[in-house]
Amino acid sequence: MDELRTKSYRGDRTLVCALCYAGIDAPPGTEVPLVVKGPIGGVRRPHFAHPSGQGPAGGQHEPESEWHLASKEAVATWARTQPDVVDVRSEVWLPNRKRRCDVRVVFADRSEVALEVQSYRLTDADWGDRHRDYRRAGVADVWLWHPDSPVPRMILSGTERPQQIWMLDPWKGAVTLMVGAPHQRQPATTVGDVHHRVQHLPPCTGDGLVPYEFSLSEMTLTPDGIAIPAELTKQLAQQLEQERRRIQAAEDTRKRIRQQLSAPAAPSKAPTASSSEVEAIEAAWPVIREQARELGGAGVDALLAGASVVRLDGTTVVFAHQHAVLARYLTSPKYAEPVRAAVQQVLGRDYDIRWEGGASPDSPTKKHAAGQPSPQSKQRFDIHASHVEDFDRVFDLLRVAGATYAGGDREFVIEGSTFTFQQVWALIELVRHPERPKVESPWQPDPPA
């Protein structure tokens, strides 16, 4: 403390505010000698302060200013360690004097990169002006954003080469790359479509974002920007290959089913659909259900749990659901249209669909007496973690299924069966952590009275 005071406002005044000197809330190069203050009664920590009347508006620098200064120092220090870098300077003007970059990096081949650390909101127009000025000067601009700063979506679509979204934590020495989440409702018809059905880079405008954090020291800067880590590139490539294989397997199944449906049926005295045709539709049901999810979302997929193919009436596929209340929901256009479209796409025919509540006695897959509901509907209502996307979806599904919540008992009750709050929470945790094995969490039947 004594040594610092000799350099402070009351000493030789060589201890100055770094934020003011860097041009934050003051003209660049402003030298404001600081006052060194010690603890008062053990309540306040030792700290620096501006002399009375010489501080910025409001009496203090904004927290974002501290982030900005720390970020410039962090990225400049990191840039000096990068291959082929020959010069790193902060607060450098472009030759045309239009822009001053936070950190300018010069490589051995004389190519330049401007590292911009951004802590406050930029409009699309503001960012576009800055980006074009850099491009005209032949400088590649790389932006690292404050974790709480809104990112202009223009960076993803308004340039000749869309940029990545990098978030920076200078104190932790970490960067987070935002990866685009899969497009859930986009049928794959081309390789490009497949690319967007898995996590992808760069994200698309409007995508959900999946964060991947890396140590700044492990990142590599090139004349084109920050290189994507090899481990992430490999992971995304594996996801893409798995999706391609899944789509190919689904297409092979569709072809096989269509061939089976096109085969001539055996002569029959009654004008009913052949059993082989119904069996083919039954075999296609998993593919139809997956296609319906892509077209209608997770809610459709959840409602289809417990559904089955009953029969074929001419050009109408009749489905049944073990719960009548869910069968009624599936007749609404919001849910019926995705299912109808999925049936047409998978089977290659323009079938109509019809829903019945409870499993039909003549369903080839349900062998129980006429007039009796499916034994499964008496025992449990199945719901998988893959059916839901978030906390609200879990409870929406329970309400759709006719469940009521008994707060005192912390249980959901449906058709004489119960689903405990703990079981619901287990489902939510599975949704939040999809890397865990997916398990079935059934409704547990109440004990006999």
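The values are calculated or read from the model by the stated rules, or taken from the named source; none is laboratory data. A quick note: this is a predicted structure, and the numbers were derived from the prediction, not measured. Don't worry about glycine lacking a Cβ; one is built from the backbone with ideal geometry, like all the others, and counts go over all protein chains shown.
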Take Ala79 and tell me if it is surrounded by 13 or more Cβ atoms within 10 Å (Cβ to Cβ) and either assigned by TED's automatic domain parsing to the domain that holds Leu144 or touching a helix residue (DSSP H, G or I) at 6+ places or on another chain (Cβ under 8 Å) (or both). yes
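The rows are residues; the columns are (1) surrounded by 13 or more Cβ atoms within 10 Å (Cβ to Cβ); (2) closer than 25 Å to Leu201 by Cβ; (3) in the same structural domain as Leu216 (by TED's automatic domain parsing).
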| site | (1), (2), (3) |
| --- | --- |
| Val85 | yes, yes, yes |
| Arg89 | no, no, yes |
| Trp93 | no, no, yes |
| Val105 | yes, yes, yes |
| Thr123 | no, yes, yes |
| Gly128 | yes, yes, yes |
| Val139 | yes, yes, yes |
| Leu168 | yes, yes, yes |
| Ala174 | yes, yes, yes |
Of the residues Asp301, Asp350, which single one is assigned to a loop (DSSP other than H, G, I, E, B) and among the charged types (D, E, K, R)? Asp350
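Within segment 301-331, take every residue that is of a type in the set (Val, Ile, Thr) and in contact with a Pro (Cβ under 9 Å, 6 or more places away or on another chain) and give me the one that is farthest from Glu290 (Cα to Cα).
Going residue by residue through segment 301-331, those that are of a type in the set (Val, Ile, Thr) are 309-310, 315-318, 325, 331.
So of that shortlist, the ones also in contact with a Pro (Cβ under 9 Å, 6 or more places away or on another chain) come out as 309-310.
On the way: Val309: 15, Val310: 19 Å.
By that ranking, first place goes to Val310.
Restricting the search to segment 111-126, which residues are over 15 Å from Asp224 (Cβ atoms) and of a type outside the set (S, T, N, Q)?
Applying the first criterion (over 15 Å from Asp224 (Cβ atoms)) to segment 111-126 yields 116-126.
Correct list: Glu116, Val117, Tyr120, Arg121, Leu122, Asp124, Ala125, Asp126.
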Just the residues that are at pLDDT 80 or above and of a type in the set (D, E, K, R), please, taken from segment 291-316. Arg311, Asp313
Contacts under 7 angstrom Cβ, first residue in segment 132-161 being farther than 15 Å from Val113 by Cβ, partner part of a loop (DSSP other than H, G, I, E, B) and β-branched (Val, Ile, Thr), 6 or more apart: Trp145/Val151; Pro152/Thr123; Arg153/Thr205; Leu156/Thr205; Ser157/Thr205
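Please verify whether segment 110-118 includes one or more residues that are aliphatic (A, V, I, L, M), surrounded by fewer than 19 Cβ atoms within 10 Å (Cβ to Cβ) and assigned by TED's automatic domain parsing to the domain that holds Leu69.
Let us first name the residues in segment 110-118 that are aliphatic (A, V, I, L, M), namely 113-115, 117.
Of the ones still in play, those that are also surrounded by fewer than 19 Cβ atoms within 10 Å (Cβ to Cβ) are none.
Within segment 110-118, not a single residue is aliphatic (A, V, I, L, M), surrounded by fewer than 19 Cβ atoms within 10 Å (Cβ to Cβ) and assigned by TED's automatic domain parsing to the domain that holds Leu69.
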Filtered residues of segment 198-225 (kept if of a type in the set (A, V, I, L, M), closer than 14 Å to Val75 by Cβ and out of contact with any Leu (no Cβ under 9 Å at 6 or more places or on another chain)): Met219
Given (1) among the charged types (D, E, K, R); (2) more than 26 Å from the chain's Cα centre (by Cα); (3) farther than 23 Å from Pro223 by Cβ, Asp133 misses just (3)
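May I ask you to say which residue of Asp133, Asp141 is at pLDDT 90 or above and farther than 14 Å from Ile226 by Cα?
Numbers: Asp141 fails: farther than 14 Å from Ile226 by Cα.
Result of the check over Asp133, Asp141: Asp133.
Residue by residue, here is whether (1) of a type in the set (S, T, N, Q); (2) at pLDDT 90 or above; (3) farther than 30 Å from Asp141 by Cα holds:
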position: Lys7; (1), (2), (3): no, yes, yes
position: Thr14; (1), (2), (3): yes, yes, yes
position: His47; (1), (2), (3): no, no, yes
position: Gly55; (1), (2), (3): no, no, yes
position: Gln60; (1), (2), (3): yes, no, yes
position: Glu66; (1), (2), (3): no, no, no
position: Leu69; (1), (2), (3): no, no, no
position: Ala74; (1), (2), (3): no, yes, no
position: Thr81; (1), (2), (3): yes, yes, no
Answer yes or no: is there a residue in segment 167-178 that is modelled with pLDDT under 90, outside any loop (DSSP other than H, G, I, E, B), in contact with a Leu (Cβ under 8 Å, 6 or more places away or on another chain) and aliphatic (A, V, I, L, M). no
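For (1) within 18 Å of the chain's Cα centre (by Cα); (2) among the charged types (D, E, K, R); (3) at pLDDT below 65, each residue gets a yes or a no:
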{"site": "Thr189", "(1), (2), (3)": "no, no, yes"}
{"site": "Val210", "(1), (2), (3)": "yes, no, no"}
{"site": "Leu236", "(1), (2), (3)": "yes, no, no"}
{"site": "Ile247", "(1), (2), (3)": "no, no, no"}
{"site": "Thr253", "(1), (2), (3)": "no, no, no"}
{"site": "Ala266", "(1), (2), (3)": "no, no, yes"}
{"site": "Pro271", "(1), (2), (3)": "no, no, yes"}
Return the total of residues in segment 10-33 being part of a loop (DSSP other than H, G, I, E, B), under 21 Å from Pro46 (Cβ atoms) and within 46 Å of the chain's Cα centre (by Cα). 2
Pairs with Cβ under 9 Å, 6+ apart, first in segment 40-67 and farther than 30 Å from Trp145 by Cα and not assigned by TED's automatic domain parsing to the domain that holds Ser149, second modelled with pLDDT under 70 and in a strand (DSSP E or B): none
